[in-house]
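Student: Sharing a structure below in structure tokens format, with a few things to ask.
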Amino acid sequence: MRLLFTSLGSFGHTFPLVPLAVAAREAGHDVVFATSEDFLPQLTKAGLDTAAAGLAIKDAFGQAFGQVFGDAGPPGPPGDIPREVLFPVVAKVFGELMPKRFLADLLPLFEHVRPDLVVSEAGNSGGAFAALKAGLPVVSHGFGRVSTGDPMTTMIREAILSHAGELGIEVGEDLTFGGPFVDICPESVQDPDFLARTHRVPLRPVGWSEPGELPPGVLDKRRPLVYLTLGTAMGHAGVLGEAIAGLSGLDVDVLVATGPSLPEDALGEVPANVRLEAWVPQAALLPHVDLVVHHGGSGTTLGAFGEGLPQLLLPQGADQFTNADAVFAAGVGDRLLGAEVTAEAVATKARHLLTDTAVRDAARALAAEVAAMPSPADVAAELPTLA
């Protein structure tokens with residue numbers, strides 16, 4: 001069977017599809033993974049055949065911001081741009097610029113690959129549009145908990161629906177395009193309305209990250225290890241600084257993944273029990289962590305679910321706020337929003353999460369639920385029936 005996987009080119013949108021793509025290849029299927037050119041090297045390291053398609057997210061935002069602010073671009077980081085300006089830009093990027101480019105690139109690629117089934121990441125509506133225009137069966141693949149109702153998601157969805165209307169394509173309520181939805185979010189924390197109306201194919205979230213060495217002090221730790229990250233796209237020196245100040249006062253070691261969106265010297269000197277790394281192999285790191293303090297990105301949230309870890313979420317944008325709500329409601333962590341993020345508040349919340357047995361028990365129960373979900377190999381075996 002010939003399969004074409006396609007996703008937006010980003011860590012949070014591409015990496016969740018890698019385990020199923022690898023499992024499908026290992027099951028004997030012909031697999032090609034199509035995404036923006038800047039993410040093809042990572043996929044090659046996973047042993048996958050690749051094809052360039054779509055527009056890199058940073059380039060799409062560059063185009064959209066250029067239309068608003070001119071050649072100089074935005075005056076500061078996305079978190080400092082007023083919502084009334086930022087949200088329409090985000091909607092244009094995800095609802096128009098990238099879908100149109102993927103549609104244009106994938107249609108000729110289909111002629112070459114001739115896939116029997118397209119597995120399109122849920123955020124990449126252009127992948128599904130191309131499959132439907134070419135008369136190919138398409139399966140949506142989620143990247144986390146389905147986010148509904150927040151203003152930004154609503155604007156993106158409206159832009160996608162408008163684009164679909166121009167193409168004469170009927171889109172389901174959850175942008176599932178009428179087919180099955182491979183869902184890597186455990187049922188107990190998934191949106192209940194989504195569960196009620198969707199043909200859901202559950203898939204265990206298996207973390208994948210580019211192979212690399214764990215930093216010193218992880219494998220031979222002598223006290224609790226706290227992992228602090230704001231992800232790859234929304235690094236904020238002020239938020240990280242407050243979190244570091246709060247965590248460093250506890251009897252813990254703190255490993256900070258600063259990510260590519262912050263300059264190396266953005267955080268200055270840090271206390272002796274804090275280690276800064278631009279990047280860490282997160283999937284390999286999480287089994288050695290005692291608490292995750294993070295932005296609420298879907299990959300980190302689900303990774304912590306799978307390892308039974310308590311979480312403190314400091315959401316910065318997109319679906320991170322609804323992920324924070326879900327973590328809090330499940331009893332597996334806590335959250336601090338906006339101006340609530342102070343060193344004192346981070347220290348208080350982290351101290352509680354490291355010692356509270358009820359949180360630890362809830363996190364372990366959620367990890368057991370994740371472990372019971374079908375593996376990538378199980379779902380790969382089911383793919384021919386979905387076509």
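The values are calculated or read from the model by the stated rules, or taken from the named source; none is laboratory data. The structure displayed is predicted, hence computed values, not measured ones. Cβ placement follows ideal geometry from the backbone for every residue including glycine, while neighbour counts extend to all protein chains displayed.
Student: Name the residues in segment 250-278 that are at pLDDT below 90 and among the charged types (D, E, K, R), would you?
Tutor: Within segment 250-278, GLU264, ASP265, GLU269, GLU277 meet the criteria.
Student: If the requirement is being among the aliphatic types (A, V, I, L, M) and either within 21 Å of the chain's Cα centre (by Cα) or not assigned by the TED database to the domain that holds GLY127 (or both), which of these qualifies: LEU117, LEU4, LEU107, LEU103?
Tutor: Result: LEU4 is the single residue among LEU117, LEU4, LEU107, LEU103 that is among the aliphatic types (A, V, I, L, M) and either within 21 Å of the chain's Cα centre (by Cα) or not assigned by the TED database to the domain that holds GLY127 (or both).
Student: State which residue pairs qualify: first residue on the phi < 0 side of the Ramachandran plot and inside segment 276-298, second residue surrounded by fewer than 17 Cβ atoms within 10 Å (Cβ to Cβ) and of a type in the set (Gly, Ala, Ser) in any location, beta carbons under 6 Å apart, and separation of 6 or more residues or different chains.
Tutor: Every condition considered, the pairs that remain are PRO281/GLY212.
Student: For LEU383, work out the one condition from (1) surrounded by 22 or more Cβ atoms within 10 Å (Cβ to Cβ); (2) in contact with a Lys or Arg (Cβ under 9 Å, 6 or more places away or on another chain); (3) farther than 30 Å from PRO151 by Cα it doesn't fulfil.
Tutor: Single failed check for LEU383: (2).
Student: Also, quick follow-up: Do any strands (runs of 3 or more DSSP E) entirely within segment 130-231 hold 1 or more residues that are at pLDDT 90 or above and surrounded by fewer than 21 Cβ atoms within 10 Å (Cβ to Cβ), and if so, which?
Tutor: Numbers: elements: 138-141, 181-183, 200-202, 225-229.
Once the strands (runs of 3 or more DSSP E) in segment 130-231 are filtered for at least 1 residues that are at pLDDT 90 or above and surrounded by fewer than 21 Cβ atoms within 10 Å (Cβ to Cβ), what remains is 200-202, 225-229.
Student: List the pairs whose first member sits in segment 338-355 and is touching a residue at least 40 places away in the same chain (Cβ under 8 Å) and of a type in the set (Asp, Glu), whose second member is crowded, with 18+ Cβ neighbours inside 10 Å and in a helix (DSSP H, G or I), and whose Cβ atoms are under 8 Å apart, counting only residues at least 6 apart or on separate chains?
Tutor: Listed pairs, sorted by first residue: GLU344/GLY246.
Student: Can I ask one more? Here is a list: GLY299, GLY333, GLY308. Which entry is touching a Pro at 6+ places or on another chain (Cβ under 9 Å) and farther than 30 Å from PRO88 by Cβ?
Tutor: On the way: GLY299 fails: farther than 30 Å from PRO88 by Cβ; GLY308 fails: touching a Pro at 6+ places or on another chain (Cβ under 9 Å).
The match here is GLY333.
Student: A further question follows. Select from segment 288-302 the residues that are touching a strand residue (DSSP E or B) at 6+ places or on another chain (Cβ under 8 Å) and modelled with pLDDT under 95 and list them in ascending order. Show your work before the answer.
Tutor: To start, the set of residues in segment 288-302 that are touching a strand residue (DSSP E or B) at 6+ places or on another chain (Cβ under 8 Å) comprises 288-296, 300-301.
Within segment 288-302, HIS294, HIS295, GLY296, THR300 meet the criteria.
Student: Here are the criteria: (1) surrounded by 24 or more Cβ atoms within 10 Å (Cβ to Cβ); (2) over 21 Å from ALA362 (Cβ atoms); (3) at pLDDT 90 or above. Tell me which single one ASP319 does not satisfy.
Tutor: Among (1) surrounded by 24 or more Cβ atoms within 10 Å (Cβ to Cβ); (2) over 21 Å from ALA362 (Cβ atoms); (3) at pLDDT 90 or above, ASP319 violates only (3).
Student: Okay, moving on. Looking only at segment 354-375, how many residues end up being surrounded by fewer than 17 Cβ atoms within 10 Å (Cβ to Cβ), within 21 Å of the chain's Cα centre (by Cα) and not in a helix (DSSP H, G or I)?
Tutor: So the count comes out to 2.
Student: Would you be able to say whether some residue in segment 14-33 is touching a Ser or Thr at 6+ places or on another chain (Cβ under 9 Å) and more than 19 Å from PRO205 (Cα to Cα)?
Tutor: yes
Student: More than 19 Å from the chain's Cα centre (by Cα) and not hydrophobic (A, V, I, L, M, F, W, C): which single residue out of PRO205, PRO216 fits that description? Before the answer, list the steps.
Tutor: Details: PRO205 fails: more than 19 Å from the chain's Cα centre (by Cα).
Answer to the check: PRO216.
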